[in-house]
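Values in this text are rule-based calculations from the coordinates and carry no lab data. Keep in mind that what you see is a predicted model, and the values were worked out from it rather than measured. Note: ideal-geometry Cβ built from the backbone for every residue, glycine included; neighbour counts use all protein chains shown.
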Amino acid sequence: MVTATSIATGELFRTAGWWREETILDDLRRAVAAHPAKPALVCYQGGDAVTVTYAELAVLTDRLAGNLLRLGVRPGDVVSLQLPNSWQLVVSILACARIGAVAGPIVPIMRRREVEFMTRLTGSPVYIAAAEFRGFSYAEMSAEVAAAVPTLRHRVLVGGGPGALDFHRDLLEHQPPAADLGALEAGPDDPAQVIFTSGTTGEPKGVVHSHNTLHAMNRAQADVLGLTSGEVTAMGSPTTHQAGYTWNFVMPLLLGATAVQVDAWDPVRMLDILRERAVTFFMGAPTFLSDLIEAQREDPRDLSALRTFATGSAPIAPSLVEDAGEVLGCRVYALWGMSENGCVTITRPEHPPLRAAESDGIVVPGMEIRIVDRGGDPVPPGEQGLLQVRGASQCLGYFRRPEVYAASVTADGWFDTGDLARDDGHGGIRITGRLKDIVMRGAENIPVVEVEGALLRHPAIRDVAVVGYPDERLGERACAVVVATGAPPTLDDVRVHLTGLGMAKQYWPERLEIVPSLPRTPSGKIQKFALRDALRN
């Protein structure tokens with residue numbers, strides 16, 4: 001296992017209060033002592049809603065932990081978890097920590113190629129999934145993966161299957177042999193999670209977080225937004241993605257709040273759940289916010305409990321911020337982060353609401369950011385540069401790929417995010433693009449995120465991505481790939497719109513493609529490599 005945090009730095013984080021001598025299991029025990037009958041989870045799985053209290057969650061965790069031991073899982077082992085949002089997933093993660101094992105969440109849309117790569121790299125001895133979900137057989141796929149990965153000794157399926165163990169019968173109903181779980185339980189600096197990057201570019205990397213780095217990112221984001229134990233949280237993303245893992249699992253458990261877990265995205269269903277459960281906090285990409293606003297307009301519900309909507313991964317149109325207030329009755333906050341470090345910057349309650357459409361926020365306590373040129377020197381205010389970060393929530397490294405992680409970290413601990421940014425003029429940052437997503441038109445570097453943000457102000461554009469396509473003379477030109485609302489705009493419409501906003505002509509897209517939807521990762525990030533490939537074909 002790799003570690004990129006020195007002992008001296010760790011002690012600084014402890015002294016500052018960002019790291020501690022406890023884990024998420026201590027948060028669970030605190031909540032059980034304070035309010036054992038309080039719902040820890042409300043899970044919508046299929047047509048059913050299942051409520052799990054804090055007391056029940058603790059009992060289920062110990063039972064499952066004992067049975068993972070029975071299956072041969074040992075401290076340091078990575079248990080692969082490809083479950084949809086569910087109480088079974090949450091219990092499995094906690095059970096791993098209870099015996100010093102490491103949770104290995106895998107988003108449900110991953111298929112054999114990706115799952116085989118991930119389980120082989122981690123040497124996972126156990127794979128846990130639903131037997132079937134949304135028409136796909138994980139029972140069949142996992143049998144193929146197990147045949148190819150020698151370490152994968154056990155497949156455990158919710159619903160069972162040929163050659164597999166049944167989750168409820170074998171991990172919950174079976175009485176495990178007596179074991180001293182306390183002696184095995186993970187410590188605060190032990191690895192807690194290996195989570196794979198979402199795959200917007202290149203081969204996924206297994207990001208390793210400790211219990212302390214996860215605590216730091218969740219403590220910071222909760223404190224900045226003033227969240228309390230009274231929150232009822234929900235999300236549109238999978239809990240097996242870092243956004244869902246932190247905002248709708250670790251954070252509510254840290255607070256002693258209630259997390260609503262919904263297994264599949266449907267904006268109409270989600271609105272009904274937000275009303276029924278009086279959800280106060282929601283986190284999701286702008287596309288989730290847009291879907292909810294549209295569905296609420298068509299059939300309004302009482303969403304008076306909903307106060308906060310945190311969003312990131314793409315530009316936010318000013319109209320979306322305004323519509324969220326008028327239609328959903330909530331305040332929008334823009335954030336930036338990565339699997340490697342969680343939420344690093346976020347706009348604040350004291351900012352004007354529309355700041356969420358203009359900025360990606362101010363750095364959270366416990367983290368540092370800087371914007372530098374390729375030589376590592378700070379760029380002048382307002383100029384674009386490479387975004388680097390360091391601090392208490394930065395990951396330990398990439399699983400079994402120390403050379404890849406080392407190539408992204410400076411000698412004094414700055415992590416090169418691969419993102420481009422500039423000063424937003426208000427003490428925060430504005431993301432301007434990915435280093436790998438740059439469109440180089442001749443000698444001009446086009447700030448694609450800023451162009452996308454400007455295009456989202458056009459009333460006929462619902463969603464947009466700006467990507468480069470090959471050009472013999474200039475090397476690349478920019479294409480706007482647009483999802484329209486109603487009658488699609490023309491390229492001339494786009495040019496008139498950008499002229500009205502005062503955008504330099506060299507930044508304008510020179511090609512326009514209208515599509516029904518944009519390819520996205522489970523967290524809502526646009527897969528620009530797929531768009532570039534389509535434009536080349």
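Summary of computed values
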| item | result |
| --- | --- |
| Yes/no for GLN394 being in a loop (DSSP other than H, G, I, E, B) and more than 26 Å from ALA317 (Cβ to Cβ) | yes |
| Residues being among the charged types (D, E, K, R) and crowded, with 16+ Cβ neighbours inside 10 Å - total across the stretch 349-391 | 5 |
| Failed item in (1) assigned to a strand (DSSP E or B); (2) surrounded by fewer than 21 Cβ atoms within 10 Å (Cβ to Cβ), with GLY468 passing the rest | (2) |
| Checklist (1) closer than 21 Å to MET270 by Cβ; (2) touching a residue at least 40 places away in the same chain (Cβ under 8 Å); (3) touching a Lys or Arg at 6+ places or on another chain (Cβ under 9 Å) applied to ILE371, failing item | (1) |
| Any hit, the stretch 234-255, residues being among the β-branched types (Val, Ile, Thr) and more than 13 Å from the chain's Cα centre (by Cα) | no |
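This table checks each residue for (1) within 22 Å of THR61 (Cβ to Cβ); (2) out of contact with any Cys (no Cβ under 7 Å at 6 or more places or on another chain); (3) in contact (Cβ under 8 Å) with a residue 40 or more places away in the chain.
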site: ALA130; (1), (2), (3): yes, yes, yes
site: ALA146; (1), (2), (3): no, yes, no
site: THR151; (1), (2), (3): no, yes, no
site: ARG155; (1), (2), (3): yes, yes, no
site: LEU172; (1), (2), (3): yes, yes, yes
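One line per residue, one yes/no per condition, for (1) in a strand (DSSP E or B); (2) crowded, with 20+ Cβ neighbours inside 10 Å; (3) on the phi > 0 side of the Ramachandran plot; (4) among the small types (Gly, Ala, Ser):
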{"site": "GLU21", "(1), (2), (3), (4)": "no, no, no, no"}
{"site": "TYR44", "(1), (2), (3), (4)": "yes, yes, no, no"}
{"site": "VAL50", "(1), (2), (3), (4)": "yes, no, no, no"}
{"site": "VAL59", "(1), (2), (3), (4)": "no, no, no, no"}
{"site": "GLY72", "(1), (2), (3), (4)": "no, no, yes, yes"}
{"site": "PRO75", "(1), (2), (3), (4)": "no, no, no, no"}
